[in-house]
Amino acid sequence: MLSLAKRRDVNDMTEGTSTLSVDSAIRIAKIIATAPVARMPMITQLFHQASVNLEGLEELMENSAASDHSRLIDTAEFIQELTEGRETTERGYLFTPDEFNQFCLARDLSPRLVKRHLYEKGYIEAKKEATGKLIYSVTIHIDGINQRRVVVKPC
(Lines give C-alpha, C1' and ligand atoms only; values in the text may rest on other atoms or scores of the structure.)
Protein backbone atom coordinates (compact mmCIF):
# COMPACT_ATOMS: atom_id res chain seq x y z
CA MET A 1 0.00 0.00 0.00
CA LEU A 2 1.29 3.41 -0.93
CA SER A 3 1.11 5.97 1.85
CA LEU A 4 1.21 9.68 1.05
CA ALA A 5 2.13 11.99 3.89
CA LYS A 6 3.63 15.46 4.20
CA ARG A 7 6.81 15.28 6.26
CA ARG A 8 8.16 18.10 8.42
CA ASP A 9 11.73 18.01 9.75
CA VAL A 10 12.40 19.95 12.93
CA ASN A 11 15.68 20.94 14.53
CA ASP A 12 15.85 17.90 16.81
CA MET A 13 15.72 15.70 13.66
CA THR A 14 12.43 14.05 14.55
CA GLU A 15 9.75 13.75 11.92
CA GLY A 16 6.11 14.58 12.11
CA THR A 17 3.42 14.14 9.54
CA SER A 18 0.50 16.22 8.43
CA THR A 19 -2.23 15.11 6.07
CA LEU A 20 -2.25 16.10 2.43
CA SER A 21 -5.45 17.35 0.89
CA VAL A 22 -7.34 14.90 -1.30
CA ASP A 23 -6.65 17.14 -4.29
CA SER A 24 -2.88 17.07 -3.61
CA ALA A 25 -2.90 13.29 -3.15
CA ILE A 26 -4.77 12.85 -6.46
CA ARG A 27 -2.29 15.08 -8.28
CA ILE A 28 0.65 13.12 -6.86
CA ALA A 29 -1.00 9.83 -7.80
CA LYS A 30 -1.55 11.07 -11.37
CA ILE A 31 2.10 12.09 -11.69
CA ILE A 32 3.27 8.70 -10.43
CA ALA A 33 0.80 6.73 -12.54
CA THR A 34 1.74 8.44 -15.80
CA ALA A 35 5.50 8.73 -15.31
CA PRO A 36 7.85 6.35 -17.11
CA VAL A 37 9.79 4.05 -14.78
CA ALA A 38 13.05 5.67 -15.87
CA ARG A 39 11.84 9.01 -14.45
CA MET A 40 10.73 7.65 -11.08
CA PRO A 41 14.07 8.24 -9.26
CA MET A 42 13.95 11.89 -10.32
CA ILE A 43 10.29 12.20 -9.29
CA THR A 44 10.84 10.59 -5.89
CA GLN A 45 13.84 12.86 -5.28
CA LEU A 46 11.75 15.91 -6.18
CA PHE A 47 8.96 14.89 -3.79
CA HIS A 48 11.54 14.16 -1.08
CA GLN A 49 12.96 17.69 -1.49
CA ALA A 50 9.41 19.02 -1.19
CA SER A 51 9.08 17.06 2.10
CA VAL A 52 6.46 14.71 0.67
CA ASN A 53 7.03 11.19 1.97
CA LEU A 54 5.99 8.60 -0.62
CA GLU A 55 6.30 5.66 1.73
CA GLY A 56 6.19 2.36 -0.12
CA LEU A 57 6.82 3.82 -3.59
CA GLU A 58 10.36 2.45 -3.90
CA GLU A 59 9.20 -1.04 -2.93
CA LEU A 60 6.35 -0.76 -5.43
CA MET A 61 8.82 0.29 -8.14
CA GLU A 62 11.10 -2.64 -7.28
CA ASN A 63 8.28 -5.16 -7.43
CA SER A 64 6.73 -3.80 -10.62
CA ALA A 65 10.08 -3.52 -12.39
CA ALA A 66 11.51 -6.86 -11.33
CA SER A 67 12.27 -7.68 -14.96
CA ASP A 68 14.72 -4.75 -15.03
CA HIS A 69 16.71 -6.47 -12.28
CA SER A 70 17.44 -9.47 -14.49
CA ARG A 71 18.66 -7.17 -17.28
CA LEU A 72 21.90 -6.59 -15.34
CA ILE A 73 23.35 -9.78 -16.78
CA ASP A 74 27.10 -9.40 -16.32
CA THR A 75 27.79 -7.69 -13.01
CA ALA A 76 31.57 -7.69 -13.45
CA GLU A 77 31.23 -6.07 -16.89
CA PHE A 78 28.85 -3.44 -15.47
CA ILE A 79 31.31 -2.60 -12.65
CA GLN A 80 34.20 -2.48 -15.13
CA GLU A 81 32.32 -0.04 -17.37
CA LEU A 82 31.16 2.05 -14.39
CA THR A 83 34.63 2.44 -12.87
CA GLU A 84 36.65 2.69 -16.10
CA GLY A 85 38.93 5.73 -16.01
CA ARG A 86 37.99 6.57 -12.41
CA GLU A 87 40.44 7.00 -9.56
CA THR A 88 39.91 4.78 -6.56
CA THR A 89 39.99 6.13 -3.02
CA GLU A 90 40.65 4.28 0.22
CA ARG A 91 36.89 3.50 0.37
CA GLY A 92 36.55 2.57 -3.30
CA TYR A 93 35.14 4.42 -6.29
CA LEU A 94 32.95 7.37 -5.32
CA PHE A 95 29.93 8.51 -7.33
CA THR A 96 27.34 11.14 -6.53
CA PRO A 97 23.89 9.52 -6.34
CA ASP A 98 22.81 11.51 -9.41
CA GLU A 99 25.89 10.46 -11.37
CA PHE A 100 25.26 6.78 -10.54
CA ASN A 101 21.54 7.10 -11.37
CA GLN A 102 22.27 8.74 -14.74
CA PHE A 103 24.77 5.99 -15.59
CA CYS A 104 22.08 3.36 -14.95
CA LEU A 105 19.31 5.25 -16.75
CA ALA A 106 21.53 5.67 -19.82
CA ARG A 107 21.56 1.85 -19.98
CA ASP A 108 17.79 1.58 -19.43
CA LEU A 109 18.28 0.13 -15.93
CA SER A 110 16.48 1.05 -12.72
CA PRO A 111 19.09 2.68 -10.46
CA ARG A 112 17.42 1.41 -7.27
CA LEU A 113 17.33 -2.17 -8.57
CA VAL A 114 20.94 -1.97 -9.72
CA LYS A 115 22.02 -0.64 -6.32
CA ARG A 116 20.13 -3.41 -4.55
CA HIS A 117 21.69 -6.01 -6.84
CA LEU A 118 25.21 -4.63 -6.35
CA TYR A 119 24.73 -4.44 -2.57
CA GLU A 120 23.55 -8.05 -2.45
CA LYS A 121 26.68 -9.05 -4.40
CA GLY A 122 28.96 -7.03 -2.06
CA TYR A 123 29.98 -4.41 -4.62
CA ILE A 124 28.58 -1.30 -2.90
CA GLU A 125 28.17 0.00 0.63
CA ALA A 126 24.81 0.77 2.21
CA LYS A 127 23.55 2.25 5.44
CA LYS A 128 20.55 0.92 7.32
CA GLU A 129 18.19 3.56 8.71
CA ALA A 130 16.48 3.19 12.06
CA THR A 131 13.36 2.06 10.17
CA GLY A 132 15.34 -0.82 8.67
CA LYS A 133 15.38 0.65 5.16
CA LEU A 134 18.68 0.38 3.30
CA ILE A 135 20.13 3.55 1.83
CA TYR A 136 22.60 2.77 -0.94
CA SER A 137 24.67 5.92 -0.48
CA VAL A 138 26.77 6.93 2.49
CA THR A 139 27.87 10.26 3.95
CA ILE A 140 31.54 10.95 3.34
CA HIS A 141 33.55 13.95 4.54
CA ILE A 142 35.14 15.48 1.41
CA ASP A 143 37.06 18.79 1.47
CA GLY A 144 35.50 19.75 4.80
CA ILE A 145 31.92 19.04 3.66
CA ASN A 146 29.70 16.03 4.33
CA GLN A 147 28.50 14.66 0.99
CA ARG A 148 26.42 11.66 -0.11
CA ARG A 149 28.23 9.13 -2.29
CA VAL A 150 27.58 5.72 -3.78
CA VAL A 151 30.69 3.75 -2.83
CA VAL A 152 31.64 1.02 -5.32
CA LYS A 153 34.23 -1.39 -3.97
CA PRO A 154 37.16 -2.26 -6.24
CA CYS A 155 36.95 -5.74 -7.81
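The values are calculated or read from the model by the stated rules, or taken from the named source; none is laboratory data. Small disclaimer: the values here were computed from a predicted structure and weren't measured. Accessible surface areas use protein heavy atoms only, side chains included; no ligands, DNA or RNA. Shrake-Rupley method; radii C 1.70, N 1.55, O 1.52, S 1.80 Å.
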SASA check, His117, accessible area w/ 1.4 Å probe, all protein chains in place, rounded to nearest 10 Å², comes out at 20
Out of residues 5 or more away from Val52 or on other chains, whose amide H comes under 5 Å of its own, with H placed 1.01 Å from N in the peptide plane?
Arg7
Compute the length gained on full extension between Thr139 and Ala50: take 0.36 nm times their separation in residues and subtract their Cα-Cα distance, giving the result in nm to one decimal.
29.9 nm
Want the number for Lys153 to Arg86: 0.36 nm per residue separation, take away the alpha-carbon distance, what's left?
22.9 nm
Under the rule of at least 5 residues apart or a separate chain, name every residue whose amide H is placed under 5 Å from the amide H of Gln147.
Ile140, His141, Ile142
Would you list, by chain and number, the lysines whose Cα falls below 19 Å from the Cα of Lys30, excluding same-chain residues fewer than 8 positions away?
Lys6
If you find the alpha carbon centre of region 118-155 and of region 75-103, how far apart are they in angstrom?
12
